Amino acid sequence: MLKKVLVVITLCLLVGCGKNDNELVLITEAGFAPYEFYENGEIVGVDIEIGKEIAKELGKELVVKDVAFDFIINEIKSGKGDIGAAGMSINDERKEQVDFSIEYVVSNQVVVVKNDSNIKSIDDIKNKTISVQLGTTADLYLHENYKDANIVTQKKYLAAAEDVKSGKSDCIVMDELPAKELVKENPELKILDGILFTDKYGMVVKKGNKELLDVVNKVLQRLIDENKIEEYIIKYSE
């Protein structure tokens, strides 16, 4: 009988966190609702539900570790964590450092502005000041495709929202689902019509860890086939 999964939230940025064979350590950045976020002091969300299922499959306890987004890959490479999940876009640069699972979410990237913004279309941001979360695919995309824009990188989406609300930035580029949560909590913001680009998410493991990757892919495929991931997204987007 599989062991009961215990989700342990730990903020281990500065102190050591010993791993043992009975734990599956999921590295995330818990500011990306509905995928991972704090609710009543606990990290919950789509990726956490998936992590629970992977831990069950392995007969281990799930430990969730919250770090800055741009630390996730290094945590996996160094062996401090087993799986990375936080809206991790599948791209060639990251594939050189870690191994990706199958894609389990297709994400639309959108533009968030103030309600009274002069920006009326996603086509109007090319020479604007744009806030974005550091290390995300949106960050890479903007630096590559919006050479005339002033890109402001932030560790958290909440900081990017404050940029726009205070007038430091004209807009944010981010994932559509977290954007919906952001404007829900910040009614002075809105999402412009249209999609800037489409992204695909996967989970990451240490390069060469085929045994774990096979289990992750097995669980992800089962959850996709059972429409569970869509159920998780709906549950945590309400």
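Kindly indicate whether any position in the range 98-106 is more than 17 Å from the chain's Cα centre (by Cα), on the phi < 0 side of the Ramachandran plot and hydroxyl-bearing (Ser, Thr, Tyr).
The answer is no; no qualifying residue exists.
Of all residues in the range 81-97, count the ones that are more than 13 Å from the chain's Cα centre (by Cα) and surrounded by fewer than 19 Cβ atoms within 10 Å (Cβ to Cβ).
6
In the set 47, 70, which member is surrounded by 19 or more Cβ atoms within 10 Å (Cβ to Cβ), among the acidic types (Asp, Glu) and under 12 Å from the mean Cα position of the chain (by Cα)?
None of the others qualify; the one that does is 47.
Can you tell me how many residues in the range 204-238 are touching a residue at least 60 places away in the same chain (Cβ under 8 Å) and on the phi > 0 side of the Ramachandran plot?
Residues in the range 204-238 being touching a residue at least 60 places away in the same chain (Cβ under 8 Å) and on the phi > 0 side of the Ramachandran plot: 1 in total.
So in the range 139-178, with the set limited to residues that are assigned to a helix (DSSP H, G or I) and of a type in the set (A, V, I, L, M), which one is surrounded by the most Cβ atoms within 10 Å (Cβ to Cβ)?
160
Which one of 119, 54, 130 is in contact with a Lys or Arg (Cβ under 7 Å, 6 or more places away or on another chain) and β-branched (Val, Ile, Thr)?
119
Since every read-out is calculated from the coordinates, none of them should be taken as a lab result. The shown structure was predicted, so the numbers you read here are calculated from the model rather than taken from an experiment. Virtual Cβ from ideal backbone geometry, glycine too; neighbours counted across all protein chains shown.
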